[in-house]
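The values are calculated or read from the model by the stated rules, or taken from the named source; none is laboratory data. In this text the structure is predicted, and so the values were computed from the model without any measurement. Cβ atoms come from the backbone with ideal geometry, glycine included; neighbour counts cover every protein chain shown. These area figures cover heavy atoms from the full protein model, side chains too; ligands, DNA and RNA do not enter into them. Shrake-Rupley method; radii C 1.70, N 1.55, O 1.52, S 1.80 Å.
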Amino acid sequence: MHTLTTSQPPSALALKCDFIDKVSSRTANIGVIGLGYVGLPLALLFTEQGFPVTGFDIDTKKIEMLRSSRSYICRIPETDIALATSQGFRATADFEQISKMDAIIICVPTPLTEYREPDLSYITQTVRSIVPHLRVGQLLVLESTTYPGTTAEVVVPLIEEVQSGDLRVSRNDEQPGHFVFVAFSPEREDPGNSSVARSDIPKIVGGIDCHASELAAALYGSIFHKTVPVSSTGVAEMTKLLENIYRCVNIALVNELKLLCLRMGIDIWEVIAAASTKPFGFQAFYPGPGLGGHCIPIDPFYLSWKAREFDFATRFIELAGEINMAMPYHTVDFIAEALNARGKALKGARIVILGVSYKKDIDDLRESPALTIIETLQKSGAIVEYNDPYFPRIGKGRKYDLQLNCVPLEDIGEYDCAVILTDHSSYDYEQIIHDAQLVVDTRNATRGLSSTKVVRC
Ligand SMILES: NC(=O)c1ccc[n+]([C@@H]2O[C@H](COP(=O)([O-])OP(=O)(O)OC[C@H]3O[C@@H](n4cnc5c(N)ncnc54)[C@H](O)[C@@H]3O)[C@@H](O)[C@H]2O)c1
């Protein structure tokens, strides 16, 4: 349903100038699709910067909550949503509104299938639902993390296949045409890390053609202090994967060294702290009970999958995956050993898990190692409960069905073992050690506190 269908279509240059004018005057309508951990903060940032913003989601519960200025993400206070609403932010499930947008930013999930292959269904479903409402001159940006080639090989052909008129994706055409522009710009958010303001995180942008790159740079340049244009969507997609693979591989390295250090009786945390004093060439990564979240355990495998098309084995990714995936099982072994040393068996032991989110101070349970650890402990016959200030209940997810309620910290002394899986800042670790019979600490949360009740692993 594109509006410009005259016999003389505009040039890409004319469309570009029009878009940039709208961005400069803050009159460009911004549509953000997928109002989750990435999309909602982005929508709020554009609103804060004076743009008219519409958020789209298929989850009508989220839409209803936003419309009544309620938040479903802990770190986004309801006052921020109320303020954005008063500034014109709207949330909707009505995709016909897409035709009114000048820029459309896609922030939908990119998980793995049960066979650990890329699941692009959220992206393709989104593209299918917006294409009937696309019009000439719009900029479409994919922000979801994905393998290099997704924008050019999946999104662009789908747009052109699904649309019924003469709308085309701009590819540096010299002749005028009914163009839409397509770019990729990865999200680089670090949930729970407030040390860098979101607008201070440089924004990578890569377009299908030079026009799309310029439009995306203009758009993001209006809310981020620095944009980093790259030569293609593939480079932008690969940049995000490099960043996450770098983390994944380095975390695997310290996880493996932690296992060795435990055997050698060396404190890996002390080693990392000492190595961190080197002013160059070393960046600290920390071991833990396993990887979690929507990014680090998943994104690297998007690249491994794509690499197979080129007869290429990504060995670092596979090895890091193998080490990181084994960590929850090592944690269960450490818990069993710690109980054993006190003459107790895992079977029948009462265990309380402290912290279930995949990292501290956030309300995100996705891929959390706590889920695997709880299930594995249960399979071994332990009676497992949990405490986490961010989760009053753990019900059913894509891969788990635990049906547990958060238990009070005050009862910690009733358990044979308390296991610190997430080092939330709100916990009083001295009190925990005081009250508990045995504490297994996978995060070095009890550093500086000396007690025979504590086993660090
Ligand atoms: N969470 C992070 O910290 C983070 C950081 C960087 C990159 N990313 C990437 O950003 C993307 C989104 O991640 P997220 O954490 O925000 O996910 P999320 O699950 O929190 O949010 C995704 C939202 O998209 C909605 N959605 C799904 N299908 C849709 C459709 N067809 N149309 C409209 N809405 C739809 C869902 O209802 C949900 O609200 C992923 O590719 C992820 O890898 C996430």
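Between Arg128 and Ser450, what is 0.36 nm times their sequence separation minus the Cα-Cα distance? Round to one decimal in nm.
110.1 nm
Could the peptides 211-220, 92-101 be put in order, highest first, of the mean number of other beta-carbon atoms found within 10 Å of their residues?
The densest-packed peptide leads the list: 211-220, 92-101.
Give the distance, in whole Å, between the Cα centre of region 69-96 and the Cα centre of region 168-212.
The two parts, judged by their Cα centres, are 23 Å apart.
I'd like the carbon and sulfur percentage of the solvent accessible area for region 301-457, probe radius 1.4 Å, heavy atoms only, ligands and nucleic acids excluded.
Of all accessible area on region 301-457, carbon and sulfur atoms account for 52 percent.
Restricting to region 341-457, compute how many DSSP beta bridges are antiparallel as a %, nearest 5.
15
Mind giving me the FRET efficiency for Lys226 and Val407? R0 is 51 Å, r the Cβ-Cβ distance, nearest 0.05 is fine.
0.65
Accessible area per residue, 1.4 Å probe, Å², for the chain: what's the number?
Roughly 45 Å² per residue, with all protein chains present.
Any chance you could check the Cα centroid distance between region 400-427 and region 430-457 for me, in angstrom?
First find each Cα centre; the distance between them is then 14 Å.
Run the dipole for region 347-457 about the Cα centre, Lys and Arg Cβ at +1, Asp and Glu Cβ at -1, nothing else charged, and hand back the magnitude in debye, nearest 20.
520
Among the lysines, which fall within straight-line cross-link reach of Lys306, defined as a Cα-Cα distance under 22 Å, with same-chain neighbours fewer than 8 residues apart omitted?
Lys240
How large is ³J(HN,Hα) for each residue in region 238-252, as worked out from phi by the Karplus curve 6.51 cos²θ - 1.76 cosθ + 1.60 (θ = phi - 60°), to whole Hz, x for Gly and Pro?
Computed from phi, the couplings for region 238-252 are 5, 4, 4, 5, 4, 4, 6, 5, 4, 5, 4, 5, 5, 5, 4 Hz.
From the phi angles alone, apply the Karplus equation (6.51, -1.76, 1.60; θ = phi - 60°) to region 20-28 and give each ³J(HN,Hα) in whole Hz, x where the residue is Gly or Pro.
Rounded to whole hertz, the list is 5, 4, 5, 5, 4, 8, 6, 9, 5.
Would you mind putting 319-328, 389-398 in packing order, based on average other-beta-carbon counts within 10 Å, highest first?
Listed from highest to lowest mean packing, they are 319-328, 389-398.
Where both partners of a DSSP beta bridge lie in region 268-412, what percent of those bridges are antiparallel, to the nearest 5?
35
What are the equivalent ellipsoid semi-axes of the chain, built from the alpha-carbon gyration tensor (square roots of five times its eigenvalues), in whole angstrom, biggest first?
46, 23, 19
What residues have an amide H closer than 5 Å to that of Val439, excluding those fewer than 5 places away on the same chain, when H is modeled at 1.01 Å from N in the peptide plane?
Here Ala418, Val454, Val455 satisfy the definition.
Using θ = phi - 60° and the Karplus curve 6.51 cos²θ - 1.76 cosθ + 1.60, what whole-Hz ³J(HN,Hα) does each residue of region 187-194 get, with Gly and Pro shown as x?
7, 10, 5, 10, x, x, 9, 9
Within straight cross-link reach of Lys278, meaning Cα distance under 25 Å, which lysines are found once same-chain residues fewer than 8 apart are removed?
Within reach: Lys258.
Among Ala341, Pro392, Ser144, which residue has its Cα positioned farthest towards the positive end of the charge dipole of the chain, with +1 placed on the Cβ of Lys and Arg, -1 on the Cβ of Asp and Glu, and the dipole taken about the Cα centre?
Ala341
Might you report the magnitude of the Cβ-based charge dipole of region 147-204 about its Cα centre, with Lys and Arg at +1 and Asp and Glu at -1, to the nearest 20 debye?
160
Which cross-chain or sequence-distant (5 or more) residues have an amide H under 5 Å from the amide H of Val169, H modelled 1.01 Å from N in plane?
Val180
Can you spot the lysines whose alpha carbon is less than 23 Å from Lys347's alpha carbon? Ignore those fewer than 8 places along the same chain.
Reachable lysines: Lys379, Lys453.
If you count, for each residue, the other Cβ atoms within 10 Å and average over each peptide, how do 200-208, 255-263 line up from highest to lowest?
200-208, 255-263
Amide H of Ser144: which non-local residues (sequence gap of 5 or more, or other chain) have their own amide H closer than 5 Å, using H built in the peptide plane?
Distant-sequence amide H within range of Ser144: Val108.
Calculate how many DSSP beta bridges within the chain are antiparallel, expressed in % of all such bridges and rounded to the nearest 5.
Close to 15 percent.
Given +1 on the Cβ of Lys and Arg, -1 on the Cβ of Asp and Glu, and no further charges, what dipole in debye does the chain carry about its Cα centre, rounded to the nearest 20?
Dipole about the Cα centre, nearest 20: 320 debye.
Which of Gly88, Met65, Ser99 sits closest to the plus end of the dipole of region 65-111, meaning its Cα is farthest towards the positive end, when Lys and Arg get +1 and Asp and Glu get -1 on the C-beta?
Value computed over the given set: Met65.
Can you give the relative contact order of the chain as a percent, counting alpha carbon pairs under 8 Å and 6+ residues apart?
Relative contact order of the chain: 11 percent.
Positive end of the dipole of the chain, charges at C-beta (+1 Lys, Arg; -1 Asp, Glu), about the Cα centre: which of Phe312, Ile159, Leu291 has its Cα farthest in that direction?
Leu291
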